[in-house]
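**Q** Please see the structure below; I have some questions.
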Amino acid sequence: MVRLVLSLLFAMLLLIFTSKNMHPMRLDTVFGPPVELPVILGLLGAFIVGFALATFRHIVRESRKSRDKMDGDF
């Protein structure tokens, strides 16, 4: 619970910081030309990708645990 509160506090501080710095940043992509977008959108995109990867890893880990547990019962 403490970790969640600290994470939310950090996210709020990051949001305040990025809202003050709305200058455009250049995002170089693997496919296509570089894209100009505000810093807050770049950080939001990085957060979403990180969250998706962490969620995927959690799902894979839990499915392996349950599969190993079921294999051990037989």
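**Q** List the pairs whose first member sits in the range 18-30 and is closer than 14 Å to residue 45 by Cβ, whose second member is of a type in the set (S, T, N, Q) and surrounded by 10 or more Cβ atoms within 10 Å (Cβ to Cβ), and whose Cβ atoms are under 8 Å apart, counting only residues at least 6 apart or on separate chains?
**A** If the second residue must be of a type in the set (S, T, N, Q) and surrounded by 10 or more Cβ atoms within 10 Å (Cβ to Cβ), no pairs are left.
**Q** A further question follows. Kindly establish whether residue 36 is among the acidic types (Asp, Glu), in a strand (DSSP E or B) and either modelled with pLDDT of 85 or more or touching a strand residue (DSSP E or B) at 6+ places or on another chain (Cβ under 6 Å) (or both).
**A** Considered against the rule, which asks whether it is among the acidic types (Asp, Glu), in a strand (DSSP E or B) and either modelled with pLDDT of 85 or more or touching a strand residue (DSSP E or B) at 6+ places or on another chain (Cβ under 6 Å) (or both), residue 36 comes out as yes.
**Q** With respect to residue 17, is the statement that it is assigned to a loop (DSSP other than H, G, I, E, B) and of a type in the set (Phe, Trp, Tyr) true? Quick ask: steps written out before the conclusion?
**A** Details: assigned to a loop (DSSP other than H, G, I, E, B): no; of a type in the set (Phe, Trp, Tyr): yes.
So residue 17 fails the test.
The values are calculated or read from the model by the stated rules, or taken from the named source; none is laboratory data. Just so you know, these numbers come straight off a predicted model, no measurement behind them. Methodologically, a virtual Cβ is constructed for each residue, glycine included, from the backbone with ideal geometry; neighbour enumeration extends over all protein chains shown.
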